[in-house]
Structure formats: structure tokens, C-alpha cells
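The values are calculated or read from the model by the stated rules, or taken from the named source; none is laboratory data. Just so it is clear, the model here is predicted, and its values are computed rather than measured. Positions of Cβ are backbone-derived with ideal geometry, glycine not excepted, and every protein chain shown enters the neighbour counts. Accessible surface is based on the protein model in full, side chains and every heavy atom, while ligands, DNA and RNA are left aside. Shrake-Rupley method; radii C 1.70, N 1.55, O 1.52, S 1.80 Å.
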Amino acid sequence: MTLNSLLPFPPRSLLFAPLEGMTDGHYRQVAMRLYPEWARFSTDFLRIPTNGKYSRNKYLEHLGAAIHQNPALLEKTIFQIITTEKAQTSLALETLAELGISHLDLNIGCPSRTVINHGGGCYLLGNLSALKNVLATIRNHWSGLFTVKMRIGIHDDSLFDETLKIIEGSGVNAITVHARTRDQLYKGRADWRFIKRAVDVVKIPVIGNGDIWTVEDVNNCLNETGCHSVMIGRGALKTPWLPQVIGSNANFQIRCLHLPEYYQALSSHCLAEGDDATKVLNRLKSLSRYVFDDFAHCDLLKTQLMRSNSLNVFFEILEKAIVTSGERIQALQ
Ligand SMILES: Cc1cc2nc3c(=O)[nH]c(=O)nc-3n(C[C@H](O)[C@H](O)[C@H](O)COP(=O)(O)O)c2cc1C
């Protein structure tokens, strides 16, 4: 395989985005089992230290030990890092290669001030010479698949084309474009015209990202921009079975059918792995921020879920919400 050759997944694939605080090893293990149609699942970012190196266990924990032991799941995993000019990148890459990671992703879209102040994430969108150095270090020490996940700029798109060309010129295999600036954070709608612009500017595959929530959005983004594949974040937390229903209608009723299994599987897995009930409950609550916005009286429902003080109460509220929604659907039909 040459550096710029085809990606190991076909065009129009769906990739599960990195989501810090959500897509840890436990979450990905459950999602990979229940929803194997996703072409890839990304870890959230791991910041590479400036001094010294992390232990092998730190990387293993970030990846998920069970995923490491399962070659098919390992193959489906994108390992994402945030790094800087000063960080010990080559040491980190050595360990990642030893762990059998085949696909490395560099995050240059993280908007966090702390990360930017350390010279990582979106900082690199505003300092292209630092970006070149970081890309060169990675390409010189990493022979596997290498992608970059970016935003369109810090304040605006003035450096967008130049940044894309630098990334392409550094031997990166594909670029994921989250079609927002750093200043936009997650506000407003992602502007897919920038994904199309990236497709026009570079020859390597572009992966579209930002505000893809439904089957219709998937098809629109692919068709309007000509991007190779799409990566989905918040929409994937909300509808992780989305790739199963491509070509059919991912409607509200189907969401209601899937939700109990989704929550139960995550809860049982984490309890079996030794997490205590409070930790599991907090995880389910945190996931719920992304899941219920199309339910009737969703603010009230989310408040009730957030206030639930046990897993039993959480599941009772969930079940009641689904039954009520079913009745509402029947009444409307
Ligand atoms: C809670 C949360 C955590 C995120 N963590 C990461 C991360 O670790 N790495 C990354 O590249 N992007 C991260 N993102 C950005 C998403 O991967 C994605 O680019 C963004 O949410 C836009 O896509 P979406 O509209 O499909 O959610 C995060 C987003 C959210 C909401």
C-alpha cells in the first residue's frame, strides 16, 4: 500500500467520531458489538506528554484492553492523539505501533483553551509552520494509516486552503473536516460547503463531519460535497444503529425500539466490568444529553433522568417515556 493509496474502507462509509467523555473503551466495546455496521470507531484524543512517556498501560487503557485482544475490533479502531511540536511524539508512536494500532488520527480541531495554550489542537490551525513540523514528525515515525481531523480555521477560513495543502503534502492519507471554526465551538449549523471546498482543494479522500443526524443527512452530505465518507459524533450517540437503517427510514419509532437495548447493554457491560452503579448511572445520564431531543416534553424527561438516583429509577423513567411515545404515535396514526 502506498502512503496516499485507498482507505481500507469503501466510499460512503460511516465512521463513529471521537467524543471525549463518551467513547471510552467500554462504550466502544458495546457499540462495536451491537452496531458492527460502522466502518470505524475512533477513540477520543489522548494528549501526548511533553516530558517522558506514558506507560504502555496508559495507551492500553485508552484503547480498551478487550478491544486490544480482539483483532477484528482493533482493526476497526482509529486511535486519536493530540500532540505538539515539543511533545514526545515519536516515543508515543513506537508504543502505539507495538500495540498493533493500524490507523492513527491527529486532532487539530480541539477548541479547548488548555489544549491550545499548550500548542495542540486548534493551535496548529493558526501556526502552519508548527503544523508542518508535527506532521513531519508523525509521518517519519508512523508507517500505518495516518489521518488528520480538523476544523476550517480558528476565527475564519482564511488559512483553510493552505492548511489542507500542507496536510496533503505531508503524506497524510485522508482529512476529516468538521465544518466549523474553533470560535463556533458546536454552535450554529456546520457549513458543508467547506467539506466540498476541501474535496476540490485536495486529491486525498475527505471525510465529512458536522451536524449529520439522520439517514437523509448522510446522503445529502455525501451527495452535496462529494466527500469519501462521513464521520458522525453527537448523532451517533443518539442513533448508534444509524448504519443499519441506511436505505430505510430511521424514524422515531425505530429509535424507541432500539433505545432500551442500547441503554441496557451499556449498563450491563459496565457493571460486569466492575464499575459501581453510581458510575454507570452517571454514564447513562451523560449519554442522555444527546438522545432525547425528539421526545415530547424532552426537557422534563431529561430533568427526570438526570435526577434519578438509581439505575432502576432511570430505567423506569426510560420505559415510561417509550410507552408514552408509543401511545402518542398510535394516537397520531
Ligand atoms: C462531548 C464531545 C466530545 C468530543 N471529543 C472529541 C475528541 O476527543 N476528538 C475530536 O476530534 N473531536 C471531538 N469532538 C468533536 C466531534 O468528534 C465532532 O467533530 C463534532 O461533534 C461535530 O460532529 P457532530 O455534529 O456529528 O457531533 C467532541 C464533541 C463533543 C460534543
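Here is how the numbers come out for the structure above:
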{"item": "Hits in the range 287-300 - residues which are part of a helix (DSSP H, G or I) and either in contact (Cβ under 8 Å) with a residue 40 or more places away in the chain or under 23 Å from Y186 (Cα atoms) (or both)", "result": "L287, S288, C298, D299"}
{"item": "Residue list for the range 26-37, restricted to those being touching a helix residue (DSSP H, G or I) at 6+ places or on another chain (Cβ under 6 Å) and either open to solvent by less than 20 Å² (accessible area, probe 1.4 Å) or part of a loop (DSSP other than H, G, I, E, B) (or both)", "result": "V30, M32, E37"}
{"item": "Condition broken by G21, with the remaining ones in (1) open to solvent by less than 60 Å² (accessible area, probe 1.4 Å); (2) of a type outside the set (S, T, N, Q); (3) within 14 Å of the ligand (Cβ to nearest atom) satisfied", "result": "(1)"}
{"item": "Given (1) open to solvent by 10 Å² or more (accessible area, probe 1.4 Å); (2) within 14 Å of the ligand (Cβ to nearest atom), index of the condition G208 fails", "result": "(1)"}
{"item": "Pair list, Cβ under 6 Å, 6 or more apart: the range 43-54 residue at pLDDT 95 or above, other residue within 14 Å of the ligand (Cβ to nearest atom) and open to solvent by 40 Å² or more (accessible area, probe 1.4 Å)", "result": "D44/E20"}
{"item": "Members of the range 236-265 that are farther than 21 Å from T303 by Cβ and hydrophobic (A, V, I, L, M, F, W, C)", "result": "A236, W241, L242, V245, I246, A250, I254, L257, A265"}
{"item": "Enumeration of residues in the range 302-325 that are of a type outside the set (S, T, Y) and under 16 Å from Y262 (Cβ atoms)", "result": "L305, L311, F314, F315, I317, L318, E319, A321, I322"}
{"item": "Residue pairs meeting the criteria (Cβ under 8 Å; at least 6 apart or on separate chains; first under 17 Å from T147 (Cβ atoms), in the range 109-128; second within 15 Å of the ligand (Cβ to nearest atom) and open to solvent by 50 Å² or more (accessible area, probe 1.4 Å))", "result": "G120/R47"}
{"item": "Test: residue in the range 124-143 that is under 22 Å from the mean Cα position of the chain (by Cα), in a loop (DSSP other than H, G, I, E, B) and either of a type outside the set (F, W, Y) or within 15 Å of the ligand (Cβ to nearest atom) (or both)", "result": "no"}
{"item": "Failed item, numbered, when E224 is tested on (1) open to solvent by less than 40 Å² (accessible area, probe 1.4 Å); (2) among the acidic types (D, E); (3) assigned to a helix (DSSP H, G or I)", "result": "(1)"}
{"item": "Some residue of the range 183-198 being touching a residue at least 40 places away in the same chain (Cβ under 8 Å), open to solvent by less than 30 Å² (accessible area, probe 1.4 Å), within 29 Å of Q88 (Cα to Cα) and within 16 Å of the ligand (Cβ to nearest atom)", "result": "no"}
{"item": "Any hit, the range 218-229, residues being over 18 Å from the mean Cα position of the chain (by Cα), within 16 Å of the ligand (Cβ to nearest atom) and hydrophobic (A, V, I, L, M, F, W, C)", "result": "no"}
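Residue-by-condition table, conditions (1) within 13 Å of the ligand (Cβ to nearest atom); (2) closer than 14 Å to Y35 by Cβ; (3) buried (at least 20 other Cβ atoms within 10 Å of the Cβ):
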position	(1), (2), (3)
T214	yes, no, no
R234	yes, no, no
L237	yes, yes, yes
I246	no, yes, no
Q253	no, no, no
C256	no, no, no
L259	no, yes, yes
G274	no, no, no
V280	no, no, yes
